[in-house]
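Colleague: My questions all concern the structure below.
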Amino acid sequence: MESDRQGFILTSAVMGDASKEWMIEVKGLTKRYGDFEAISNLNFTVKRGEILGLLGPNGAGKSTTLRILSTFLAATSGTAKIAGFDVFDESHEVRKRIGYMPENNPLYLDMRVYEYLKYRGRLKGLDTRQSRDRAETVMKECDLEDVRRKMIRQLSLGYRQRVGLADALVSEPELIILDEPTLGLDPNQVRAARQLIKNLGGKHTVLISSHILHEVEMTCNRVLILNQGKILASDDTTHLQSVMGQSSRVVTQIKAPLEDLKFSLKNFEGLLAADISAAEGDYYLCSLSFKAEAADPREDLYKMVVGNNWFLRELTISRPSLEDVFVHLTRKEQNEEEDEE
Amino acid sequence: MKVFKTLLRRELGFCFGALNGYVIVSAALFLVGVCFYDLVYRLNNQPTDMTLTEMFFFSWYFWLILLLSAPLITMRTFAHEKSTGTYEILMTAPVNDIQVLMSKFCGALFFHAIIWLPVFISMLLLRFYINNPLVVNITGIITTYFAVLMVGALYISIGCFGSALTRSQIVAGMVSFTLGMGIFMLSVNVLFVVPDPGPLSLILAKISLADYMRDCSRGILDSRPFIFLVTSTFLFLFLTWRVLEWRRWR
């Protein structure tokens, strides 16, 4: 079992000049509450500038991991380093370098938005002028200028989420830790938040925990899937989809003589199966299955159609979604446990 | 120091920028006003050889207001932040436990000083009308206010300790009220009930806050109870600091 799990963990083990290359280094991180093990022997690293998504069902240990990395909780065993500083022994140095938005986004409801962001800026080491300027900047980035003078208790949930996000960004930290950052946002706000988070990558390292798999898929470079305190998989989303071992599917509509089309597809490299049915007009709807690890076949398909002087009006590829990967891995874990029992 | 000042401003902002603070100040000032009225009434109607500040101390108003106001002021210091979750964003900022503790303690102590200021200003104003230093002694007023602050510091530190122990403001208030009441009962027993001679009576006599307040109301500042109050305050602040640190070891 352990070797199977290890097979999913594809992160690099190279630790050269660690503090410069890695923003986060976690080794053997474990947290126990009495007999209950919230996280168990976590090992992962995050490069500077990377956007890592932490996925997992309820109780997987995501928030516990983020709380340990933000120095709020101490681990039972193992180590975690942020920018080369240990989260337990050098927590003050770590806290200078992080912006953290906890789950449920707690805020001081008796303060005004602008006042709150200035206060948080000063608390994080900015002087009066810097905190004022940064508060203006993050309010602009998070679209809070309209509500700058409002009391936070008067704001809707969506606006409060944005205030929390602005708070995490106000000191321009090296590492930004966001626990469920898009909770409560409407679709427009989710899109804006997603774009904001994507723009942060490169300049900042971002660690996001979310239940919304689609958002993680669109925002993150890499995903860490947790279940019951253990890592099931850690890789970028494309590789994860191929790890599942499923095929990828290409859907195309081609106008061609049926027999010639069947012959060409039969000899097409990498094709596992082809399902051809009549479509509107003289077109045939072809649903083609390829090996998951095969290269993108769309360009070769296009060349085949053009080379035979046929017509093409649709060419799309669908890979297993992150949700498919997630369900597959967590179900596999559950089945293995049942088999053991 | 910058972080401490920022946190202290935040605490004072909560006290004076929100309705809660003004409700507590209003209630305390009401009792203080009743206290002052009662003192002046007695001065007018009863012959006495006590000064105004001694009468203030023996009128029980001081203890009543202190026992009620200290838990009310301090119960939200840590408990409120833990229950709302803002404790997490506070402690994950680059601040240390001591800065947080001292800012909350100093903020509560300043609030306590503001509550008591009107009664002593009233006594000073009375000095202009009663040109008799035996009745209204300026030195006695200053020493009594100083004693009020010192005893208040002890009660505020007890309140911070109670608040750090729990998420519930009610439990925090009850813990600090109970501890404060215990100290008060010990002091009053020494003052009004002559204990049997022995080691216990000796210890109780040394820690009696009532004795200290009585001396200060007469214009006498004794270093021994002053040292006791300062060390006791630091003891409870130290215990509070340990409770805050315990979070990292759970």
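Colleague: Give the range A:130-158 a look and list any residue that's within 29 Å of the chain's Cα centre (by Cα) and either in contact (Cβ under 8 Å) with a residue 40 or more places away in the chain or not assigned by TED's automatic domain parsing to the domain that holds A:Leu200 (or both), or say none.
Modeller: First, pick out the residues of the range A:130-158 that are within 29 Å of the chain's Cα centre (by Cα): A:134-145, A:152, A:155-158.
Passing the criteria: A:Glu141, A:Cys142, A:Asp143, A:Ile152, A:Leu155.
Colleague: Which is under 18 Å from B:Ser157 (Cα atoms) and free of Cβ contacts under 8 Å to residues at least 12 places away in the same chain, of B:Glu11, B:Glu81, B:Glu88? So that I can check it myself, show each step before the final result.
Modeller: On the way: B:Glu11 fails: free of Cβ contacts under 8 Å to residues at least 12 places away in the same chain; B:Glu88 fails: under 18 Å from B:Ser157 (Cα atoms).
So the residue among B:Glu11, B:Glu81, B:Glu88 that is under 18 Å from B:Ser157 (Cα atoms) and free of Cβ contacts under 8 Å to residues at least 12 places away in the same chain is B:Glu81.
So that you can scan it fast, the table gives a plain yes or no per residue for (1) among the acidic types (Asp, Glu); (2) within 30 Å of B:Arg76 (Cβ to Cβ); (3) out of contact with any strand residue (DSSP E or B) (no Cβ under 9 Å at 6 or more places or on another chain):
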{"residue": "A:Lys31", "(1), (2), (3)": "no, yes, no"}
{"residue": "A:Asn43", "(1), (2), (3)": "no, no, no"}
{"residue": "A:Gly61", "(1), (2), (3)": "no, no, no"}
{"residue": "A:Thr65", "(1), (2), (3)": "no, no, no"}
{"residue": "A:Thr76", "(1), (2), (3)": "no, no, no"}
{"residue": "A:Val113", "(1), (2), (3)": "no, yes, no"}
{"residue": "A:Cys142", "(1), (2), (3)": "no, yes, yes"}
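Colleague: Of the residues A:Val216, A:Val206, A:Val147, which is closer than 30 Å to B:Gly17 by Cα and either in contact with a helix residue (DSSP H, G or I) (Cβ under 8 Å, 6 or more places away or on another chain) or crowded, with 17+ Cβ neighbours inside 10 Å (or both)?
Modeller: Numbers: A:Val216 fails: closer than 30 Å to B:Gly17 by Cα; A:Val206 fails: closer than 30 Å to B:Gly17 by Cα.
One residue alone meets the criteria, A:Val147.
Colleague: Please tell me if A:Val206 is aliphatic (A, V, I, L, M) and in a strand (DSSP E or B). Show your work before the answer.
Modeller: Values: aliphatic (A, V, I, L, M): yes; in a strand (DSSP E or B): yes.
Against the criterion (aliphatic (A, V, I, L, M) and in a strand (DSSP E or B)), A:Val206 qualifies.
Colleague: Can you pull out the residues in the range B:212-231 that are of a type outside the set (A, V, I, L, M, F, W, C) and either buried (at least 18 other Cβ atoms within 10 Å of the Cβ) or more than 21 Å from B:Leu179 (Cβ to Cβ) (or both)? Steps first, answer last, please.
Modeller: Just the residues of the range B:212-231 that are of a type outside the set (A, V, I, L, M, F, W, C), to begin with: B:212, B:214-215, B:217-219, B:222-225, B:231.
Within the range B:212-231, B:Tyr212, B:Arg214, B:Asp215, B:Ser217, B:Arg218, B:Gly219, B:Asp222, B:Ser223, B:Arg224, B:Pro225 meet the criteria.
Colleague: Follow-up. Being charged (D, E, K, R), closer than 26 Å to B:Ser26 by Cα and at pLDDT below 80, is that true of even one residue in the range B:125-137? So that I can check it myself, show each step before the final result.
Modeller: As a first pass, look at the range B:125-137 and keep what is charged (D, E, K, R): B:127.
Then keep just the ones that are closer than 26 Å to B:Ser26 by Cα; that gives B:127.
This time we only want the ones that are at pLDDT below 80, so: B:127.
Yes, the range B:125-137 contains at least one residue that is charged (D, E, K, R), closer than 26 Å to B:Ser26 by Cα and at pLDDT below 80.
Colleague: Looking at (1) hydrophobic (A, V, I, L, M, F, W, C); (2) away from chain A (no Cβ under 14 Å); (3) assigned to a helix (DSSP H, G or I), find the lone condition where B:Met50 falls short.
Modeller: Result: B:Met50 passes all but (3).
Colleague: List, please: which pairs have Cβ atoms under 9 Å, are six or more places apart or on different chains, and start with a residue in the range A:236-261 that is farther than 24 Å from A:Leu285 by Cβ and end with one that is assigned to a strand (DSSP E or B) and modelled with pLDDT under 60?
Modeller: Close Cβ pairs (under 9 Å, with a partner that is assigned to a strand (DSSP E or B) and modelled with pLDDT under 60) do not exist here.
Colleague: So, in the range B:199-216, how many residues would count as being under 27 Å from B:Cys160 (Cα atoms) and either touching a helix residue (DSSP H, G or I) at 6+ places or on another chain (Cβ under 8 Å) or modelled with pLDDT of 75 or more (or both)? Lay out the reasoning, then the answer.
Modeller: We begin by selecting, within the range B:199-216, every residue under 27 Å from B:Cys160 (Cα atoms); these are B:203-214, B:216.
Now restrict to residues that are either touching a helix residue (DSSP H, G or I) at 6+ places or on another chain (Cβ under 8 Å) or modelled with pLDDT of 75 or more (or both): B:204-214, B:216.
So the count comes out to 12.
Colleague: While we're looking at this one, here's another question. Select from the range A:73-117 the residues that are more than 24 Å from A:Met23 (Cα to Cα) and acidic (Asp, Glu) and list them in ascending order.
Modeller: A:Asp110, A:Glu115
The values are calculated or read from the model by the stated rules, or taken from the named source; none is laboratory data. What you see is a predicted model; the values in this text were computed from it and never measured. Here the Cβ is made from the backbone with ideal geometry for all residues, glycine too, and neighbour counts use every protein chain on show.
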